[in-house]
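Only one structure is covered here, and it is reproduced in the block below.
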Amino acid sequence: MLDIAAHWRATVFMKKSFIAVAIGFAFLCFAPSRTQAQERTEINNAPAAKKLLGRHLLSLQWISWDHFGTATVTNRRGVYRINGKQKGRGSSDLLTIDGKITSIDEDQFTFDGTIVTQVSHINSGAPCTREGEFVFKITGKRRYWRLMQMDNPCDPVTDYVDIYFR
């Protein structure tokens with residue numbers, strides 16, 4: 001009798017242990033970690049945030065100021081993101097932008113992400129990738145935000161990356 005009771009207790013203990021381990025494993029695999037969770041975009045000026053949301057024309061002067069690309073700013077649960085592309089007509093020239101907007105102020109916004117430029121006569125036509133934090137700012141009476149880190153890190157040229165008001 002004692003052997004059956006001991007066996008039964010051991011079986012119950014093993015089942016409970018297995019369930020606890022399975023729940024813990026599932027939590028680790030599927031729960032968002034602190035590094036995965038994105039902090040909300042810091043909004044320091046509500047009208048500026050409203051102006052930034054939506055679809056905008058996008059340009060890099062080396063590609064064209066006549067044939068624009070588009071950049072779209074979205075807000076999902078307080079996290080603003082931007083994604084855009086400008087392609088050259090009849091060439092492989094390209095500008096892409098993708099990432100999170102970390103703060104929005106009256107005349108500028110800060111962006112953390114990736115900007116890639118590829119222009120046939122710059123950097124031997126190879127893509128130039130910039131990653132990190134960048135500032136886009138409105139200056140004077142201009143009707144666009146311009147990338148403030150204008151120096152191309154791959155060639156000694158100045159890039160004017162502009163995002164136009166709607």
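Rule-based calculations on the coordinates, nothing more; no lab input. For clarity, every value in this text was computed on a predicted model and none was experimentally measured. Cβ: placed from backbone, ideal geometry, glycine included. Neighbour counts: every protein chain shown.
Of note:
- Fewest-first sequence of 109, 136 by Cβ atoms within 10 Å of each Cβ: 136, 109
- Backbone geometry of the stretch 125-131 corresponds, through the Karplus equation with coefficients 6.51, -1.76 and 1.60 at θ = phi - 60°, to 3J(HN,Hα) couplings of x, 7, x, 10, 9, 10, 10 Hz, x marking Gly and Pro.
- FRET efficiency, 1/(1 + (r/R0)^6) with R0 22 Å, evaluated for residue 98 and residue 148 via beta carbons: 0.75
- The ranking of 158, 96 from fewest to most other beta carbons within 10 Å of each one's beta carbon is 158, 96.
- Residue 77-residue 155 pseudo-label distance in nm [points 7 Å out on the Cα-to-Cβ vector]: 4.1 nm
- Inter-label distance for residue 50 and residue 124, nm, one decimal - labels placed 7 Å from Cα along Cα-to-Cβ: 5.1 nm
- Potential extension, residue 139-residue 39 segment - 0.36 nm per residue separation minus Cα distance: 33.2 nm
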